[in-house]
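My questions all concern the structure below.
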Amino acid sequence: MIPAEFDYAVADSVEDAIKRLGEGGEDAKLLAGGHSLLPLMKLRLAAPSLLIDLRKVSGLSGIERANGGFRVGPMTRHAELAASGELPGVVTAAASSIADQQVRNRGTIGGSVAHGDPASDLPAVLLALEGTISTQGPNGSRDISASEMFQDYLTTALEPTEVITSITLPALDGYGFGYEKFARRAEDWAMVGICALVKSNGGTCEDVRIGLTHMGSTPLRATAAEEALRGQSLSPESIAAAAQQAADGTDPPADLNASQEYKRHLARVLTRRALEAAAG
Amino acid sequence: MTTQVQPETAKPEPSRYVGRSLRRKEDPRLITGRATYTDDMTMPGMLYAAIVRSTEAHARITSIDTQGALDHPGIAAVFTGADLEGVEAPIPMVWAPPGVEVKVPEHWPLAKDKVGYVGHAVAVVLGTDKYGVIDAAEKVIVDYEPLPAVVDVEKALEADSPVIHEEYGTNKCFEWSLGGGDIEAALRDSDVVVERRVVNHRTAGGAIEPRVSLADYRAGNLTLWSSTQIPHILRLLLSMQLGMSEEKIRVVAPEVGGGFGSKLNCYPEEVLVCWAARKLGRAVKWTETRSENMTTTHHGRDQIAYVRMGAKRDGTVTGMHARIIQDLGSYHLIEGPVIPCLGGFVMSGCYAFPAVQTDIVGVFTTKFATDAIRGAGRPEATHMIEMCMDQLADELGMDRLELRRKNFIPKEDFPAELPIGVIYDSGDYEGTLDKLLEHLDVDAFKREQAELRERGVYRGLGFSTYVEICGLAPSRVVGPGGFGLQAGYWESAQVRVHPSGTATLFTGSSPHGQGHETGFAQIVADRIGCTPDQVEVIHGDTQTGPFGMGTYGSRSLAVGGESAARAAEKVRAKASEIAAHLLEAAPEDIELNDGKYQVRGSPDKAMTLADIAGAAYIPEDLPEGMEPGLSEQMFYDPENFVWPFGAHACVVDVDVDTGKVDIVRYVAVDDCGPAINPLLIDGQVHGGIAHALGQALFEQVVYDDEGQLITGTFVDYALPTAAELPSFETDRTETPSPTNSLGVKGIGEAGTIACTPAVTNAVIDALKPLGVTWIDMPLTPMRVWQTIQEGGAPRATEQGRQVDEHGSGSAGSGPTAPTEGGAS
């Protein structure tokens, strides 16, 4: 439980962080809430040579309305998302389910996105919401869509010298949501998690989005299930039929507690439950 | 085997403090972070130790290169198994099953030539910086020649299995049996015999404070502060390990953050820090990481049992046979082989089984040692008995509580001698079950269960009625001339009244969360006439009180508490004599009333303990021939064990779509005799049940086929948290034990012993409509879901032979037909 030796620096601005990242080389890492990175370091599964702490960089934290949606600072803690009365309900529900209160008090949305763990709650939510990640690097700023962000296990589209500056979420007014997280213990990562968003128009499914947590090496969209339900009349039968396709094409990582077969089964069960909640 | 005698001690006066739920005296310092644990301590010039551990489950060490570590800044020394000159003996295994050959492979604090489990200590790195030693340890290069891992305990017994200790030519460590009555005849004469293969998986202690040891050697004297449950025994063992005279060694157990048996040991690291401190002449501290705690702090359980239980059509059980295959790991610690044997002593449960037989085979595997973890053999036995009682009830078409009641040892039969030779000292099994049913209306439950099933909710109810053997003692029975453990089994106490009339109790018991400082103070205060606040309880230091046996096996109150009571009685007797002398009355006319020693019938003629202590320490006018002072010592060795019992019930909901089990209610009625402090009892019961719910639903130590531990952190080893546990409903009956004057029995392990079959039976009850009749723990969501998919019938046992290819896997292999009219 003792990490390998590393250097530590506190950035005073985004530009300073970018500069230090460049100087620190490929083993330099940004430190946000530290609740993914530090445990890996303590287990010596990660050994960065330099940690650049973002806690004193101003303007990276908070939630504000912008362009009909929300602009969320990357250093916004999970607890702040959970307590927000404004954000789409599914964000609040997902953030409330992360680990325990101590972790939620420290962990950040930006850290979770940058870490790219397919077992984390927020990446699949971002994917379903079709959010955007804004970054800044030595060559300027850019926007990365959530669908492009998560590339592989713990691998994102972020360049080593890029800093996330904001995360934009649509308001998705008119959508109902369901968030189903299945874990052995309240504090565990999701064995499988389902984020469902449904826009109903007179009992017909006008739009549906389903995000899958821990069903692959990245967060996924259950596109087959979405297509099966979109345009259909919303009923327990149509939802159950669509949910049957929730695991189609997935190659979920198996572990001690869940085989691939069991995870696919869970995805179908939980998708049905999440869609029922989302369809109201 | 044992006889009943009435305790000699007189009944105390009406108690002022015993029986009250006083808050724990120890809690303020623990809760506010003011307590001192071993890791809080530093010594001048202290070195930190880091252990280089084997990455292989089974291998020959071909070379060790320590140069890289020695070159690391701040490193004082690196030692390997070749350097252990001065360690006089391998790690001791002192408590073995008696009368049989037990193979004891040499287990050195650092491996010599060969490693037998992942985590086996290979080298120790000592340096001035606690971070630096860990970096340096990574630079020790160990080359291994891998040998085959032996992971499956049943395959380890097969003729073609690789052998771990070549010198034995087998992986079989020992065989031991305990029986009474003719089991084969009993089963032959049965109308129904159920046969089940019962897997009780490996678990960890999971104490919140990992192990820490700090040794200091100066001027020929060694002091070890260690997170241990047995400071006095550890000192004795260290004197043999290090070839040092016992009086030159002091062992202190400072604040200890939980043990659950996992700190009842003489660990390699404890010997190693002492040896290194002596060799280097500097203090040495080793602090275990959580990953090390999961790897090399001993595990518990891990047995496969083939159980047969027979009965007549009317529900009279004829006999119970358990053939237990115990996974011991590759090397022993202090008492691994004896643990499954403890289960043999309660294999009758609370029933009048005419024939009972336990046959145990201990087996080496390339895993870490199993040893005592809360309950130690008795939870395993209780799980077999209480699971099979439900199975038998179903085969007979009989109500499961009616079956239990039919076979309970009746209240009027106590003390009851059992076929295996033990004497249950007291019991009222109907009484605890009746009380349980006051809290839980079975008929109402059944109506609710039926209604819920209409709505697709699968609710189940399970029971466990248990008896426990505890209060480890008496020496005559368990010691060298009896069961054969190489020790005496008593407890010491010294009550020292100070001149101002307050007192210190020195106890040989060594608490690590139990609450002795409060409960023992209540016992002493009532007996000598002061308040519990005026009784300081000192424990865990070989330099203060007399030799003591420590805390484990639910023995503290029944042996240590009784010892304290008897020492206090001696103090009171002397105090009464002094009071009688000074008040000019006869000693027999002095009564202790409301904290005053007064002359019977003359309330104005009275003295306080402070008055008497003053007279005892300023001896101007003491009775003729009386020594000054007021301090008494007691070594109490009881005549029998004590036998707590109780009835537990669990209500669960199973989500049949996901397999997840939710505890809806947990009701426990326990009988540990008259309560000294009900609050402490509830705390122990809550913790005990939580421990067992952890095993039943969440926790499992898992090694892969290569012998690699894959549950090395609390992410994978799923200890339950408050969020996973129900609010416990507890109640008690109080049947005094005739064994001691307090009438008390142990309670620290009761919840753990009782609980797992109640939960498992409840899950089976919930899933019966889906054809599920058997499931092994842990009842993880995936296992429950898979069991539902497979129809969940018990696997065949074929007279104890393994019948599937998956070892300890959960897959069923077809139903077992009950054997009609005799065993097949």
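Just so you know, all these numbers are worked out from the coordinates, no wet-lab data involved. Treat the numbers as computed from the prediction; the structure is a model and nothing was measured. Positions of Cβ are backbone-derived with ideal geometry, glycine not excepted, and every protein chain shown enters the neighbour counts.
Relative to the compact globular guide of 2.2 N^0.38 Å, what is the alpha carbon radius of gyration of the protein assembly as shown, as a ratio?
Computed over Cα atoms of the protein assembly as shown, the ratio equals 1.01.
Additional query: Using Cβ contacts closer than 10 Å as the measure, can you line up A:195, B:470 from fewest to most?
Exposure proxy ranking, most exposed first: B:470, A:195.
Taking a virtual spin label 7 Å from the Cα of residue A:201 along the C-beta vector, which residues in region A:215-249 bring their backbone nitrogen under 14 Å of it?
A:230-234
Something else: Among the listed pairs B:25/B:574; B:570/B:596; B:112/B:279; A:263/B:367, which are separated by more than 24 Å between their Cα atoms?
In this structure, B:25/B:574; A:263/B:367 lie more than 24 Å apart at Cα.
Still on this model: Please arrange A:182, B:547 by counting, for each residue, the other beta carbons lying within 10 Å of its beta carbon, fewest first.
Ordered by Cβ neighbours within 10 Å, fewest first: B:547, A:182.
Tell me which DSSP H helices of chain A clear both cut-offs, 20 Å or more of axial length from alpha-carbon atoms and a mean Kyte-Doolittle hydropathy of at least -1.0.
A:260-279
Between region B:404-418 and region A:211-272, what is the C-alpha centre distance in whole Å?
56 Å
While we're looking at this one, here's another question. Can you give me the C-alpha center-to-center distance between region B:132-183 and region B:544-594, rounded to a whole angstrom?
First find each Cα centre; the distance between them is then 50 Å.
Something else now. Going by C-beta contacts inside 10 Å, put B:347, A:215, B:626, B:244 in order with the fewest on the left.
Listing B:347, A:215, B:626, B:244 from fewest to most nearby Cβ atoms yields B:626, B:244, B:347, A:215.
Relative to 2.2 N^0.38 Å, what does the C-alpha radius of gyration of region B:347-468 come to as a ratio? Two decimals please.
Normalised Cα radius of gyration, region B:347-468: 1.30.
Follow-up question, since we're still on this one. Within chain B, which complete DSSP H helices have Cα atoms spanning at least 20 Å along the helix axis and a mean Kyte-Doolittle hydropathy of 0.0 or higher?
Result, helices passing both filters: B:678-693, B:750-767.
While we're here: In debye, nearest 20: dipole of the protein assembly as shown around its Cα centre with unit charges on the Cβ of K, R (+) and D, E (-)?
980 debye
Counting pairs of alpha carbon atoms under 8 Å apart in space and at least six apart in sequence, what relative contact order in percent does chain B give?
Taking the mean separation of contacting Cα pairs over the length of chain B, I get 17 percent.
Here is the link list: B:263/B:660; B:139/B:285; B:435/B:745; A:19/A:181. Which ones come out longer than 28 Å on Cα distance?
B:263/B:660; A:19/A:181
Something else: Suppose we keep just the alpha-carbon trace of region A:2-42; what are its Rg and Dmax in angstrom?
Rg then Dmax for region A:2-42, in Å: 10.9, 31.
By per-residue mean of other Cβ atoms within 10 Å, what is the highest-first order of A:10-19, B:59-68, B:505-514?
Top of the packing list down: B:505-514, A:10-19, B:59-68.
Which three numbers, in whole Å and largest first, are the semi-axes of the equivalent ellipsoid of region A:63-169 derived from its Cα gyration tensor as √(5λ)?
Semi-axis lengths for region A:63-169 are 21, 16, 13 Å.
Remind me, relative contact order of region A:7-52 in percent, using alpha carbon pairs under 8 angstrom and six or more residues apart?
53 percent
More than 24 angstrom separation, counting every C-alpha pair in chain A; what % is that?
Within chain A, distances greater than 24 Å cover 49 percent of Cα pairs.
Turning to a different aspect of this structure: List the extent of the Cα atoms of chain B along each of their three principal axes, largest first, rounded to whole Å.
So the extents along the principal axes, rounded to whole Å, are 85, 73, 49.
While we're here: So, with +1 on the Cβ of K and R and -1 on the Cβ of D and E, and no other charges, what is the size of the charge dipole of chain A about its Cα centre, to the nearest 20 debye?
600 debye
If you don't mind, another one. In terms of modelled amide H atoms, which long-range or inter-chain residues lie less than 5 Å from the amide H of residue B:467?
For residue B:467, the qualifying residues are B:350.
Measure out, as a whole number of angstrom, how far apart the alpha-carbon centroids of region B:231-295 and region B:67-94 sit.
Rounded to whole Å, the Cα centres lie 15 Å apart.
Treating only the Cβ of Lys, Arg, Asp and Glu as charged (+1, +1, -1, -1), what charge dipole size does region A:176-279 show about its Cα centre? Round to the nearest 20 debye.
140 debye
Name the residue from B:348, B:300, B:586 whose Cα lies farthest towards the positive end of the charge dipole of the protein assembly as shown, charges +1 on Cβ of Lys and Arg and -1 on Cβ of Asp and Glu.
Value: B:586.
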